[in-house]
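Coordinate-derived values only; no laboratory data. Everything numeric in this text was worked out from a predicted model, so none of it was measured. We place every Cβ from the backbone using ideal geometry, glycine too, and count neighbours over all the protein chains shown.
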Amino acid sequence: MARARIEEIASLIWHHESASQGQINIGIVRAVEHFNSLAPRDGAEAMLAKQMAGTHFAALECLRRAAIPNQYQAARSQEFAQATKLMTLYARQLDTLNKHRGKGQQKVTVEYVHVAEGGQAIVGQVNPESGIRAKEGEAQIAYEPNQEVPLVMTKTKTKAARGKR
């Protein structure tokens with residue numbers, strides 16, 4: 001199984017036709033090290049890690065080609081453009097891997113809060129170290145037990161505020 005994985009990773013790495021077997025082996029070892037550094041935990045991660053190794057080394061090859069002296073600017077620009085696409089792809093692959101591992105940012109939207117009798121609800125930002133602090137000008141929300149509290153509140157004028165006009 002390990003041999004098949006190494007052969008698959010090796011097939012993703014480009015090498016020049018005149019490269020020696022030693023140079024080819026060094027490239028393969030580096031690609032396998034890159035794969036191992038991603039520490040895939042399941043089949044999906046292993047497939048993605050192989051793709052990432054191939055993407056990484058393809059981007060490096062494009063950067064190497066762009067650095068060749070005495071070439072036309074158009075050729076250099078084309079290699080940089082391809083390297084940029086590959087590096088962007090690598091970043092997306094890394095984001096995918098992190099999301100798969102549960103490291104991606106998560107956003108939770110709560111639309112309604114139901115407070116049972118005897119319960120309490122806090123609507124707003126809570127700082128566990130220093131307690132609750134309402135921002136200046138932030139509305140305080142009153143509620144009754146067993147009342148559904150929408151998180152999107154509209155401002156209403158009180159009788160006292162209407163009388164001051």
| query | What's the FRET efficiency of residue 42 with residue 89 using the Cβ-Cβ distance as r and R₀ = 25 Å, to the nearest 0.05? | reply | 0.70
| task | Give, in nm to one decimal, the length gained when the segment between residue 33 and residue 3 is fully stretched (0.36 nm per residue of separation minus the Cα-Cα distance). | result | 9.4 nm
| task | Using +1 at the Cβ of each Lys and Arg and -1 at the Cβ of each Asp and Glu in segment 6-62, identify which of 53, 15, 37 lies farthest towards the dipole's positive end. | result | 37
| note | Within segment 4-40, the residues whose backbone N lies under 19 Å from a label point placed 7 Å from the Cα of residue 100 along the Cα-to-Cβ direction are 4-13, 31-40
| Measuring from a point 7 Å past the Cα of residue 75 along Cα-to-C-beta, which residues in segment 40-67 have an amide N at less than 18 Å? | 61-67
